[in-house]
Each structure stands twice: as C-alpha cells, then as structure tokens.
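Q: My structure is below; once you've seen it, I'll send some questions.
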Amino acid sequence: MSDLRIVNVVGCRPNFVKLAPLIVEMKKHREIRPLVVYTGQHYDGAMSDVFFRDLDLPEPDLYLNVGSGSQITQLSSIAQSFEEALRDLRPDLVVVVGDVTSTLACSLASIKLGFPVAHVEAGLRSFDREMPEEINRVLTDAISDLLFATEKGAVENLEREGRPRERIFLVGNVMIDTLRMSAGNVGRSAIVGRLGLAPKSYAVLTLHRPSNVDDRAALTHLAGALGE
C-alpha cells in the first residue's frame, strides 16, 4: 500500500498539546506517513521548542517561520507560505487543530488547492464574535471536509450550522490523551523542589486571552476572584 501522506499543522502552543497523541497514533500504522509543518506563529524557543522535546514530537518536516504581525498579516503570510508547501508535499489530507490563526490560514490554502482538511476540536463555540478564535473556528468548520468533535455540544453546534452529519465524528478530547501520555514525565519533574515549594502551598495559573490580560479592569476582577 502506498503511503498516506498526512500533513499536520502546528502554529502555537495549544496545537502542540493537541497534535502529540495524533502523531503517536499515526506512527502505529505503516501505511501512514505523518508530516509536521510548523508555521512559526509562536517562534520563541520557550513557546515552541520545549513542546517538541517534552511531548516527544518529531522535528518539523517544514518550518514556515512566519513570525509576528497583526492577525491579517499573519493570516496572509501563513496562507501564502503554506500554499507553496502544499504544492511540494501534495498531501492526501491536511490536519488542523484548535482555533488559532494558523488553523484558519492553512485550511483556506488547502481547500483552495483542492486538498481535503480535517479539523480536530471542531464545533466548539463561545458565541462571542469579538474573540478572534471564534471567527477562526467557525470559518474553519465551514470549509473542512472532516470534523472531529470533542463533545456532544460541539456536534450539535455543527449540525445547527448545517454541516453534513456524515462528516462529523464525536471522538473525545485529544488533550486528555496528552495528559495521560505525559503523566510519567510530570511525576519525575523536579520543579517543585527546585523552587523550594511545599506540597499544597502553591497554585499554578495561566492567563492568555487579550480580553483577560490586556484589560486592567478584567485582570483586576480575576485577581480579586483568585484572592477569594
């Protein structure tokens, strides 16, 4: 059987976590040749290299190195660069994950060139069009050939938007697979001792959406909630 060439798109941090178990599974099948294309939407080593190492991801087969810019600038740069990559790689399927700029840009380029797209984590909705991610996920779902949903509510959203039921698959959350894969590494981590922390004396928090961290009133509100 000839190789089934599947191009897996990685843009930034959430994509690494979602893609890792998919690559592991693909490698179990000799007929599948998984390829990783890293757009470089997150290009700082602390935001990318560490994920390849900790999640045992293969080095990217192609690095587009798009860098920073406005959302429109990034969207255009990624789509153009990925178009060139597609002409060389000629994949049987393009897999995009999540809802970042790279997800939409690579989906658009693929569909325009006639390559089928599978969207992992399809159908999630905040119903807030001020969120860039909401626009990305709605548009990606509208053009994808295969829609892999994490939960029943996502399936209902896709059906409500008129997506064909035969293209929707309820598969669960790949981030749980990553959590299970990483459990051993977490247990071996020495970070708590290195920081001199006592058990149950600390908490870990990440905040990343602009609506949370770029708005003083919103961040103050969150800080107050944490204090309580």
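Derivation of every value follows stated rules applied to the coordinates shown; laboratory data play no part. Everything quoted here is computed from the prediction, not taken from an experiment. Counting neighbours? That spans all protein chains shown, and the Cβs are built from the backbone with ideal geometry, glycine included.
Q: Can you find, among Ile143, Val213, Leu170, the residue sitting farthest towards the positive end of the charge dipole of the chain, where Lys and Arg contribute +1 and Asp and Glu -1 at Cβ?
A: The Cα lying farthest towards the positive end belongs to Leu170.
Q: Something else about it: For the chain, what is the calculated [θ] at 222 nm in deg cm²/dmol (nearest 500), taking -39500 (n - 2.57) for each run of four or more DSSP H residues and dividing by its residue count?
A: After summing the helix terms and dividing by residue count, I get -14000 deg cm²/dmol.
Q: Which of the helices in the chain meet the span-like rule: DSSP H, Cα axial reach of 15 Å or more, Kyte-Doolittle mean at least 0.0?
A: Long hydrophobic helices here: 13-26, 101-112, 174-188, 216-227.
Q: If you don't mind, another one. Quote the FRET efficiency, to the nearest 0.05, computed for Leu4 versus Glu159 with a Förster distance R0 of 35 Å and r equal to the Cβ-Cβ distance. It would help to have the intermediate numbers written out before the result.
A: Details: r = 28 Å, r/R0 = 0.81.
Here the calculated transfer efficiency is 0.80.
Q: Rounded to the nearest 0.05, what FRET efficiency do Arg167 and Glu83 give with R0 = 25 Å and r taken as the Cβ-Cβ distance? Could you check? Could the numbers behind the result be given before it?
A: Details: r = 24 Å, r/R0 = 0.96.
Efficiency computed from Cβ-Cβ geometry: 0.55.
Q: How much length would be gained if the chain were fully extended between Asp145 and Val204, taking 0.36 nm per residue of separation minus their Cα-Cα distance, in nm to one decimal?
A: Value of the extension gain: 17.4 nm.
Q: Treating only the Cβ atoms of Lys and Arg (+1) and Asp and Glu (-1) as charged, compute the dipole magnitude of the stretch 4-180 about its Cα centre; round to the nearest 20 debye. It would help to have the intermediate numbers written out before the result.
A: Numbers: 20 positive and 26 negative charges, 81 e Å.
The calculation lands at about 380 debye.
Q: Return the whole-Å distance between the Cα centroid of the stretch 56-108 and the Cα centroid of the stretch 154-215.
A: 22
Q: For labels at Asp61 and Asp214 in the simple 7 Å Cα→Cβ model, what's the distance in nm?
A: 3.5
Q: To continue, here is another question. In debye, nearest 20, what is the charge dipole magnitude of the stretch 132-211 about its Cα centre with +1 on Lys and Arg Cβ and -1 on Asp and Glu Cβ, if you could check?
A: 540
Q: Moving on. Using a Förster radius of 41 Å, what is the FRET efficiency between Asp128 and Arg180 based on their Cβ-Cβ separation? Nearest 0.05, please.
A: 0.85
Q: Take the stretch 4-180, drop everything but the C-alpha atoms, weight them equally and run the Debye formula without solvent; then report log10 I(q)/I(0) at 0.10, 0.12, 0.13 Å⁻¹ to two decimals.
A: Reported log10 I(q)/I(0), two decimals: -0.34, -0.50, -0.60.
Q: Same structure, new question: With a point put 7 Å past each Cα toward its Cβ, work out how far Arg90 is from Glu31 in nm, to one decimal.
A: So the two model labels end up 2.0 nm from each other.
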